[in-house]
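Structure record follows, encoded as structure tokens.
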């Protein structure tokens, strides 16, 4: 696909001085943009928070949640007689479920994520914003979050800021830049939220998420794409540059590739979606010309175990798309 050129890697895996200079410039660029991305993430999290009600539900805990009518499954000891005395009905006190859950977040910071053509932001910046905003909302709900392969899980009011700092320090860690989810097991019964373009070979992507799922881990995939990566809106003689290795290829008539390219992208996405569905994971697509609040709202609703609130496409793979239908 057409992408902006990324730093080239030598055949032996080392980087030449020119590539190191590019990496240094990119590192400074990320450090400069992170404060703005953090502010955007906080704004989006606040917007989404107004449309959801957290994950509050009845369960073990110390905090009073609400009264509800007494039912045959309740014991007489659970009746709140003071509340019941003011009504013809019997009521019991429900407490809020307070068992913290661990969620591991992972934004793809590989070279292909720097692409931007028709979107309002690069894929990488959008992935960072979604990750930080999700962390903010999850911690507000009492969850523990961590950066997969980089940090430990923690519960902190400064969760988004701490993750932003970790991203700045580890901007070129293989755990974030390889394009594949870092290998290794996470704690059983935890959840992972993976945000990337997932354009690596399907077998490689599926192998990694299968490794994670084998440990009893639930997962959610958010595929972030620039609309140009699906529509191929180029005409005439066009040079395509690979972001990872700097490969170059010239097409005399780029428009002649559009149909075959679209079919291949659709097949690739369907294969990733099928793999996620088979593991019991969710999969949605977000286009960078759309608001970041859309996939964040969908993600939070899925984490709450609810569906709806997002535009489902009528595809056999059950893919929810955040771009143009």
Segment 177-256, Kirkwood Rh and Cα Rg, ratio Rg/Rh at 1.12
hull vol. (C-alpha, convex hull) per residue for segment 127-240, Å³ -> 124
Per the rule of 0.36 nm per residue minus the C-alpha distance, extending residue 89 to residue 157 adds in nm 20.5 nm
Checking rank on 112-118, 67-73, with mean other Cβ inside 10 Å and highest first, the result is 112-118, 67-73
Ranked output for segments 122-131, 252-261 by mean other Cβ atoms within 10 Å, highest leading, reads 122-131, 252-261
So, with points 7 Å from each Cα along the Cβ direction, the residue 68-residue 177 label distance in nm works out to 5.0
In nanometres, the difference between 0.36 nm per residue of separation and the alpha-carbon distance of residue 240 and residue 253 is 3.5 nm
The rounded separation in angstrom of the Cα centers of segment 215-280 and segment 133-185 is 26
Here the FRET efficiency for residue 204 versus residue 46, based on Cβ atoms and R0 = 35 Å and rounded to 0.05, is 0.40
In nm, the gap between the two label points placed 7 Å beyond Cα toward Cβ at residue 266 and residue 214 is 3.4
Per the rule of 0.36 nm per residue minus the C-alpha distance, extending residue 165 to residue 277 adds in nm 37.0 nm
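Readers should treat all values here as calculations from the given coordinates under stated rules, not as data from a laboratory. All figures in this text were calculated on a predicted structure; none of them were measured in a lab. No Cβ is skipped: glycine too gets one built from the backbone with ideal geometry, and neighbour counts run over all protein chains shown.
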